[in-house]
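Take a look at the structure set out below.
Quick note: the coordinates plus some simple rules give every number you see, no bench work behind them. As the structure is a computational prediction, the values presented were derived from the model and not from experiment. Counting neighbours? That spans all protein chains shown, and the Cβs are built from the backbone with ideal geometry, glycine included.
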Amino acid sequence: MKLPRPVKARLLRIWRRLPGWARNIAEWALLPKFLVGGMAVVFDDRGRVLLFRHTYRDHYPWGLPGGWLKGGEDPIDAVEREVYEESGYRIKALHPLVIGGDRDLQRIDLIFLSDWAGGTFRASAEVSEARFFALEALPDLVEPFHVEVAKYGADVLAGRVRGQPRVPESGSF
């Protein structure tokens, strides 16, 4: 909604007078809310990408590891925590690889290029299996966008950057 200039100017004068705690409450109440997800693209020393078989996904059970950020959590810490909690594997998130979202779900996803740091797999309620796959031998039941992101991550590591993969208009990734 576009406000007339005099109304907008008056509201901004009121806003400047509000104490910080009141601004925080107003922002929380008025601004849209988004889920924030974090995923990892992890390659082993043979160039294979780590995929998890998720127990809750019907159409594409295989996908990149990751999960939701908790309130106030650093995205890098969240990705590393999620991978460990779901699998027992340790990774080191290095830097953002892809930033995208989902308009239908009001979600923002931060996908990090990550280093493998070890660990022993243990199944969880969310992940029944974890394996490294060669890019040319990915399972049929992997989320298509995750395939694009994995290939993009391999290109980044090899110095063949083509620009960020196209983020789907909506749906899971």
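For segment 48-139, which chymotrypsin sites (Phe, Trp or Tyr not before Pro) are in a loop by DSSP, counting at most 11 other Cβ atoms within 10 Å?
Tyr56
Could you tally the net charge around Glu73, taking each other residue with its Cβ under 13 Å from the Cβ of Glu73, Lys/Arg +1 and Asp/Glu -1?
Here the count lands on -3.
Mind sorting Glu27, Glu143 by how few other Cβ atoms lie within 10 Å of their own Cβ, fewest first?
Arranged by neighbour count, lowest to highest, Glu27, Glu143 become Glu27, Glu143.
Looking at the chain as a GNM with Cα springs under 10 Å, which of Ile108, Ile76, Ile14 has the largest mean-square fluctuation?
Ile14
Restricting to DSSP H runs of at least four residues, report the calculated mean residue ellipticity at 222 nm for the chain, -39500 (n - 2.57) per run over all residues, nearest 500 deg cm²/dmol.
That comes out to -9500 deg cm²/dmol.
Taking the chain as a Gaussian network, where each spring joins two C-alpha atoms under 10 Å apart, which residue of Val142, Val41, Val161 fluctuates the most?
For the chain, modelled as a Gaussian network with Cα springs under 10 Å, the answer is Val161.
Using 0.36 nm per residue of separation minus the Cα-Cα distance, give me the extension gain between Ala137 and Ala123 in nm, one decimal.
Using 0.36 nm per residue and subtracting the Cα-Cα distance, I get 2.8 nm.
With a sphere of radius 13 Å drawn around the Cβ of Arg53, what net charge do the other residues whose Cβ falls strictly inside it have (Lys, Arg +1; Asp, Glu -1)?
Summing Lys and Arg as +1 and Asp and Glu as -1 gives -4.
In vacuum, with every alpha carbon of segment 35-158 counted as one equal point scatterer, what does the Debye formula give for log10 I(q)/I(0) at q = 0.10, 0.11, 0.18, 0.19 Å⁻¹? Two decimals, please.
-0.26, -0.32, -0.92, -1.05
Which residue fluctuates most in the GNM of the chain (Cα springs below 10 Å): Gly101, Gly118, Gly159?
Top of the fluctuation ranking is Gly159.
Please return the longest stretch of the chain lacking exposed loop sites, where trypsin sites (Lys or Arg not before Pro) count only if DSSP places them in a loop and at most 14 other Cβ atoms lie within 10 Å.
With trypsin sites (Lys or Arg not before Pro) excluded where exposed in loops, the chain gives 123-159 as its longest stretch.
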